[in-house]
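To start, the structure itself, in structure tokens.
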Amino acid sequence: MAEDTILEMRSITKEFPGVKALDDVNLTVARGEVHAICGENGAGKSTLMNVLSGVYPHGTYDGSIVFEGEECQFGSIVDSERAGVVIIHQELALSPFLTIAENIFIGNERARRGWISWTRTETEAATYLRRVGLRDNPATKVADIGVGKQQLVEIAKALSKEVKLLILDEPTAALNDDDSGHLLDLILELKRQGVTSILISHKLNEIRRVADKVTIIRDGHTIETLDVHGQEVTEERIIRGMVGRDMTHRFPDHTPTIGAELLRIEDWTVHHPLDRERVVVDRANLTVHEGEIIGIAGLMGAGRTELAMSVFGHSWGTGISGTVHKRGVPIDVRTVPAAIRHGLAYATEDRKTLGLNLIEDIARNISAASLGRLARRGWVDQNREHVVAEGYRAGMNIKAPSVSVLTGQLSGGNQQKVVLSRWMETDADVLILDEPTRGIDVGAKYEIYTIINSLADQGKGIIVISSELPELLGICDRIYTLSEGVITADVAREAATPEQLMQYMTTVREEDHV
């Protein structure tokens, strides 16, 4: 092991029932570097890090881990943290009901003779918060701060454990551009302070910004490690390693066949459920036609998700007014069952919390919104449910040995396919897809785009909400922009540019607010 090498993982092999998740994977990380790990969903990235951090204890995998020159046999995450290896998972491990200070030192309390010193706890917490650039009061409850700040609290928590190797699994997946930029700057600052980082990310522009080396994993195998500073490392080169083929075109070719108006939303206004004087969506008007894919672009807080959820059964907001027409006829969407009966579907941006039951199998998740179609005399026909789900598993290329696999065991991209399968089974005419590719890799994104195009070709109307302007420009026929709850523009794709959309997303005409 070279002097400047902090970690070696040698010939790591990890199997689950029916699946070899890792097969002879090797990883070498130099001290003080930012080392990125790339791969498609299900490639084995998170599994490898769970092996390293003791989530999968020694004895459940083959191969060896050498950290700081010594072979390690971590039996739990406590063992790895004691050695200085700390992992921050994509789903943050914070209690919303505890304060920032309590979260930082949970399991690592500042105590003497069995009693917690709250003065020491808050004083030391403030020190770590300053290191990560967070100036909130340590006594603030975590529930009262945003996701971007919660990520910084997680890093402060890692620093309190005297971290030597920090593992960040998709740390910017749920962050806006400003919070993402701040977090990436912090990773570089920690590097200057001597902290080594392993970064798992699908955002290739972020990897090129902060990483020194990139290791690519595909189908549980190590493909190659690239030196970002010493080689010609382009996004295309990384993608080729991830998916095993060139992806000259990130978006599938599609020629739309747009028909009659399918859905029209008029004067749609939504108030905040807690602050009923606050208007979150202000007199919005939009249409979608048969076979058309429209996009909704807006910054965080613009009201995109609130608009979608309020239309889908008034599932968010209060004081909702306006009308929804389907094929020119007014429809009642005041409840979710009513919205589904009228052919509307909504795939949430938060698939793990609101979109799926992760402790249920694939079949149950796919059938959840269409049990009436699968029932006889009030009882679900489980054989039919299984056959339907198997059809989607094959047709959507859901990577699982059977539909009896728990949905929580699937990668993000495959979970998203389960969400889409659920709403396709309802035979909805209009599908609202909220961040349909968030947190999934470029290969899985391409598959999702292909599915969206196929649905449009069937005459469905598709509404796509996305934070990624290139995605909207790549797949949509028209794009609406939303700013402070107001629809500010309706732009055809061929006339749209990122700069123009951003201008509309950040400007609200004074006459739009009365």
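The values are calculated or read from the model by the stated rules, or taken from the named source; none is laboratory data. Keep in mind it's a predicted model, so treat the numbers as computed, not measured. A quick note on method: Cβ atoms are made from the backbone with ideal geometry, for glycine too, and the neighbour counts reach across all protein chains shown. Just so you know, the surface numbers come from the protein's heavy atoms only, side chains and all, with ligands and any DNA or RNA stripped out. Shrake-Rupley method; radii C 1.70, N 1.55, O 1.52, S 1.80 Å.
Summary of computed values
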{"read-out": "Average Cα contact separation per residue, the chain, under 8 Å, 6 or more apart, as relative contact order %", "value": "14 percent"}
{"read-out": "Accessible area of the range 169-220 belonging to carbon and sulfur atoms, whole % at 1.4 Å probe", "value": "39 percent"}
{"read-out": "1.4 Å probe accessible area per residue over the range 354-423, in Å²", "value": "50 Å²"}
{"read-out": "Accessible heavy-atom area order of Phe67, Phe16, highest first, probe of 1.4 Å", "value": "Phe16, Phe67"}
{"read-out": "For a label point 7 Å along the Cα-to-beta-carbon line of Arg120, residues of the range 75-89 with backbone N under 20 Å", "value": "82"}
{"read-out": "Centre separation in Å (Cα based) which lies between the range 8-79 and the range 119-150", "value": "31 Å"}
{"read-out": "³J(HN,Hα) computed for each position of the range 456-462 - Karplus, 6.51 cos²θ - 1.76 cosθ + 1.60, integer Hz, glycine/proline x", "value": "4, 5, 7, x, 6, x, 10"}
{"read-out": "Table column - 3J(HN,Hα) (Hz), the range 265-274, Karplus curve with 6.51, -1.76, 1.60, x for Gly and Pro", "value": "10, 10, 6, 7, 10, 9, 9, 5, x, 9"}
{"read-out": "For the range 123-169: rounded, prolate or oblate by the Cα gyration tensor [a/c cutoff 1.5]", "value": "oblate"}
{"read-out": "For Ala30, residues with placed amide H under 5 Å, excluding near neighbours", "value": "Ile6"}
{"read-out": "Simple label model, 7 Å out from Cα along Cβ direction - Leu406 to Val19, nm", "value": "1.2 nm"}
{"read-out": "For the range 26-183, accessible area per residue (1.4 Å probe, heavy atoms of protein chains only), Å²", "value": "44 Å²"}
{"read-out": "Prolate/oblate/rounded label for the range 80-154 (Cα gyration tensor, a/c 1.5)", "value": "oblate"}
{"read-out": "Cα gyration tensor category, rounded, prolate or oblate, for the range 364-514 with a/c compared to 1.5", "value": "prolate"}
{"read-out": "Qualifying aspartates and glutamates (Cα of each under 13 Å from Cα of Lys326; at least 8 residues distant if same chain)", "value": "Glu261, Glu266, Glu290, Asp429"}
{"read-out": "Label-to-label distance, nm, for residues given as Lys352 and Ala338 (7 Å Cα→Cβ offset)", "value": "3.5 nm"}
{"read-out": "Accessible area of the range 408-505 belonging to carbon and sulfur atoms, whole % at 1.4 Å probe", "value": "48 percent"}
{"read-out": "Compactness relative to 2.2 N^0.38 Å, alpha carbon Rg of the chain", "value": "1.03"}
{"read-out": "Helix-derived mean residue ellipticity, 222 nm - over the chain, DSSP H n ≥ 4, -39500 (n - 2.57), to 500", "value": "-9000 deg cm²/dmol"}
